[in-house]
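All remarks here apply to the structure that follows.
The values are calculated or read from the model by the stated rules, or taken from the named source; none is laboratory data. Quick caveat: nothing in here was measured; it's all calculated off a predicted structure. Every residue, glycine as well, gets a Cβ built from its backbone with ideal geometry; the counts of neighbours run over all protein chains shown. Remember, those area values only see protein heavy atoms, side chains included, never the ligands or the DNA or RNA. Shrake-Rupley method; radii C 1.70, N 1.55, O 1.52, S 1.80 Å.
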Amino acid sequence: MTSPAIRPAPPAADGSRPAHEHRRLRLWERRVRAAGLPRLWAGRCTALSDPSRRAAAIRHTAATFAALPKPYRFVLALLLRLFPVAVALTDPLAPLRGAPDQARLQRTADRLSTVPGCAELLKASSSLALYGALDGPTPQRSTTRRQGLG
Amino acid sequence: MTSTARTVRCDALVIGSGAGGSTAALELAGAGREVLVLEEGPLISQARIAQASPPENLRLLYRQGGLVPIHGAPTIPFGEARCVGGTTVVNGGLLWRPPDRLLEHWASTGVDGFRAHHLAPHLTEVERRLGVIDQSPGRGNGDSVLLTQAADRLGWHWAPARRAVRGCRHANRCVTGCPTGAKQSMLVSYLPAAEQLAAVVQPDTRVVRLEHDGTRVTAVHALRGGRRLRYLPRTVFLAAGPIGSALLLRRSAIGGRGPGRAIAFHVNFRTVARFSEPVRATEGTIFTAQLQEFADRGVRVMPANLTPGSLAAALAAHPAGTVDRMLAQLDRIAVYTTQVSVRTTARLSAVPGLGAVLRHRLTGGDRDLLRSAFRHTAELLLEAGSVELLPPAPTSLTTAAQATDFALHGRPETWDLISVHAMASCRMGPPAIGGVCDAQGRPHGFTNLRLCDASVLPGATGISPQETIMGFCRLMTARHLEDPTRY
Ligand SMILES: Cc1cc2nc3c(=O)[nH]c(=O)nc-3n(C[C@H](O)[C@H](O)[C@H](O)COP(=O)(O)OP(=O)(O)OC[C@H]3O[C@@H](n4cnc5c(N)ncnc54)[C@H](O)[C@@H]3O)c2cc1C
């Protein structure tokens, strides 16, 4: 062999991700939040009302979106921008009604599920969010893992 | 590529470190060849897999976090890995021998030299090296036990799961990377063995093009951390997987429009079953038994790994309250996968910036097959004692009549389908019937380029394909090593 074995750099621990990756992740987290998706996810599963689970849901969804090829990211970013408009159109009186209850969130989600583009975004993001929230690291899980390795 | 690319001379260059690439690497290294393996994905160590949560592993190990779409009605996510060890790192570890009838059928289509007696010693060696056994149930796996009992009552044939595991600890995380290292993925088996024989594995190195003169590959161009690399190999073993290999051939103008024109694939749907007694499916390995009664029609049924997240994700489109209701009874829930070998094929287009874009068009026959597959699945699960079934569409079924009605009138084009098995994208066979490669995996007319992964299989296997891929690859490599001028 004319070239020596090239070994990869040791994997970055979560906190020491390259700065640009970190910024990109934060940007996608903001996009997901600003689209109003987390409230609709919580309408699917009450566990997502818990702030730490909700944060895990946003993290997994945003990180998955951020790693898609550029053209898909472009379309997603556009859909996320337009999503609040679609929400407002399906429930125009929402601002007058105050904080939405579960039933209203569900009605909104059901209507959005018939709007092309929004339907796919809602379904894909809900799947990612539920997976990230329920199988992701929770304070309890991290402890178990540390014990398991110890 | 410009002359600024770093140039590396090498002997046997293997592209891709999954089932096919690792097999080739080990056999070549064992025969004394100098082997260099280029892998696009990162090296994620066994320790890192164990430490990370399943969602983190999904993002680390899978291509596009598992969201590679096969566009069509419905759009089907295709799962494949992008890491050292390839898809074997995230697969179920099931190793089934290709049935004799399948091999005879392939032989009858003009692909000779891969009959049962040709492959037998190679399959035996693969099984020995990977420690393939009949998987026994753990504390959980009640879902598999219920399947076998129901099948026995119905007089239906089932088989114990054949798995490549050494000391499975039933961690229930097979498809997001085995945290204990028991599953014998290429990462913990073939690749370390190849490295001991001086093979070198270079992660994070994506091959972008094969330069050639119409009969020989003269250079392989790759990118690593933004740097261009140019390899000058004697022989190239292409094993970038069913999609990656076809994409590379297309990009390199090898094989005309043949590569990726007709990709065989299996589709899976999931049925969530609620039982009145605890099943404890979360405490077992992926599954220990598979229903094979309808294998001749291309349908197999088996349990899946069950976790709160995977259950909830599968039910994301179901009516409000369903996820909460099912999570509240998690110990009575089991999820069953029905694997269907559809007749239609997917088509690949190479799109700049996007890579491979895949499309499918399920035929009427495929939709009928999916409906009848659901009918058999429902009959099995109701016989197993399930009191509620959630099919792959947002509804709930509690009686046999409802299940039959769903099977008769369901619209598979709206179901949640996924695929984890694709193959035959650059199939071997005569060009007249769409073959891209000869029986040595060489694209027709080429001498020093050999495909040795799922892409080269002559058609859909109907079974989980890893053992067939490894058997074919080992046999082709052995023939080449025996007589490099002829093979
Ligand atoms: C969730 C899941 C469960 C499965 N379960 C089973 C099972 O239980 N049993 C079974 O038999 N099969 C199973 N499979 C399928 C099986 O794992 C695959 O069919 C098999 O691994 C394919 O082998 P391969 O060598 O063709 O490709 P892969 O194993 O996918 O390897 C291809 C490698 O090439 C790399 N690559 C791609 N492009 C490039 C490039 N341009 N440059 C460099 N490297 C590149 C990829 O990153 C990858 O690592 C499963 C698959 C999935 C997703």
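Does the range B:76-87 contain at least one residue that is within 12 Å of the ligand (Cβ to nearest atom) and in a helix (DSSP H, G or I)? For the range B:76-87, residues within 12 Å of the ligand (Cβ to nearest atom) and in a helix (DSSP H, G or I): present.
Conditions (1) open to solvent by less than 10 Å² (accessible area, probe 1.4 Å); (2) within 12 Å of the ligand (Cβ to nearest atom); (3) without any contact (Cβ under 8 Å) to a residue 24 or more places away in the chain, marked per residue:
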| site | (1), (2), (3) |
| --- | --- |
| B:V14 | yes, yes, no |
| B:E27 | no, no, no |
| B:L38 | yes, yes, no |
| B:Q51 | no, no, yes |
| B:P69 | no, no, no |
| B:G72 | no, no, no |
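Taking the range A:48-121 and the helices (runs of 4 or more DSSP H) fully enclosed by it, the elements with 1 or more residues that are more than 24 Å from A:G136 (Cα to Cα) and without any contact (Cβ under 8 Å) to a residue 40 or more places away in the chain are at A:70-90, A:94-97, A:102-112.
Are any residues in the range B:155-197 within 16 Å of the ligand (Cβ to nearest atom), open to solvent by 50 Å² or more (accessible area, probe 1.4 Å) and among the β-branched types (V, I, T), and if so, which ones? Hit for the range B:155-197 is B:V175, nothing else. With respect to the conditions (1) among the charged types (D, E, K, R); (2) within 14 Å of another protein chain (Cβ to nearest Cβ); (3) under 18 Å from the mean Cα position of the chain (by Cα), B:R6 falls short on a single one, namely (3). For the range A:80-109, the candidate set comprises residues that are over 19 Å from the mean Cα position of the chain (by Cα) and within 14 Å of another protein chain (Cβ to nearest Cβ); within that set, the residue that is modelled with the lowest pLDDT is A:P100. If you go through the range A:29-79 and pick out every residue that is aliphatic (A, V, I, L, M), more than 14 Å from every other protein chain (Cβ to nearest Cβ) and open to solvent by 10 Å² or more (accessible area, probe 1.4 Å), you end up with 4.
Every residue, every condition in (1) at pLDDT 95 or above; (2) more than 18 Å from the chain's Cα centre (by Cα), yes or no:
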site	(1), (2)
A:L112	no, no
A:E120	no, no
A:D135	yes, no
A:T143	no, yes
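Of B:R206, B:R274, B:R261, B:R270, all but one fail to be touching a Lys or Arg at 6+ places or on another chain (Cβ under 7 Å), in a strand (DSSP E or B) and not aromatic (F, W, Y); the exception is B:R274.
With respect to (1) touching a Ser or Thr at 6+ places or on another chain (Cβ under 7 Å); (2) more than 13 Å from chain A (Cβ to nearest Cβ); (3) of a type in the set (K, R); (4) within 16 Å of the ligand (Cβ to nearest atom), the lone exception for B:R216 is condition (4).
From the list B:L94, B:L147, the one residue that fits, being at pLDDT 95 or above, away from the ligand (no atom under 16 Å from the Cβ) and touching a strand residue (DSSP E or B) at 6+ places or on another chain (Cβ under 9 Å), is B:L147.
The residue pairs whose first member lies in the range B:431-455 and is within 23 Å of B:G18 (Cβ to Cβ) and of a type in the set (S, T, Y), whose second member is within 16 Å of the ligand (Cβ to nearest atom) and part of a loop (DSSP other than H, G, I, E, B), and whose beta carbons are closer than 6 Å, counting only pairs six or more residues apart or on different chains, are B:S455/B:S425; B:S455/B:C426. Exactly one residue among B:T7, B:T23 is touching a Phe, Trp or Tyr at 6+ places or on another chain (Cβ under 7 Å) and touching a residue at least 24 places away in the same chain (Cβ under 8 Å), and that residue is B:T23.
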